[in-house]
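Down below is the structure, laid out as structure tokens.
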Ligand SMILES: *[C@@H]1O[C@H](CO)[C@@H](O)[C@H](O)[C@H]1NC(C)=O
Ligand SMILES: *[C@@H]1O[C@H](CO)[C@@H](O)[C@H](O)[C@H]1NC(C)=O
């Protein structure tokens, strides 16, 4: 027992020393979205896949770190804040996919489009939208990617983000 404790302490000490000596220098080449994501624990670390608008913040209910653990059968809220650079966008159409084992499956998003008096709305940092994402029971419990595209009223893709996810059996 004592030996295990001593070994454990030695291990943690070595890890500590290693972190001190070998910590990588801050990665200046990181995408801005990733840097932002690190500042706020509620935020989901996502990968931007060619947004025209600037995605300032993304959150998914219950996801504090990626891969986001999502339970089959659950309904989660996805919130995003963004800067439309003065485009005055009034319609956002969602097109989301699960990529699991290289198979794309359409994700169920409600409402499918954000349009109306209150959407997009003004968030803490910019414009914002909220959509519900249903994790269909028929999906396989696998690790993969949530691939989410947002189109404007002229069918131009204005936002695109990818989130590592892990689907779990409840
Ligand atoms: C939507 O896309 C069109 C087509 O590119 C573009 O001209 C327009 O400025 C965009 N509108 C908004 C509100 O982003
Ligand atoms: C769940 O998946 C099944 C089978 O793919 C499909 O028929 C059904 O419409 C889906 N439900 C929702 C709410 O998307």
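No lab work stands behind these numbers, since they all come straight from the coordinates. Keep in mind it's a predicted model, so treat the numbers as computed, not measured. Ideal geometry is used to build each Cβ from the backbone, glycine not excepted, and the neighbour counts take in all protein chains shown.
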Between residue 166 and residue 122, what FRET efficiency comes out of the Förster formula 1/(1 + (r/R0)^6) with R0 = 25 Å and r the beta carbon distance, rounded to 0.05? 0.15
Distance between region 78-104 and region 155-170 - C-alpha centres, whole angstrom: 8 Å
Residues of region 134-150 with amide N under 11 Å of a point placed 7 Å along Cα→Cβ from residue 61: 134-135
Spherically averaged projected area of region 32-168 from its Cα convex hull (nm²): 7.6 nm²
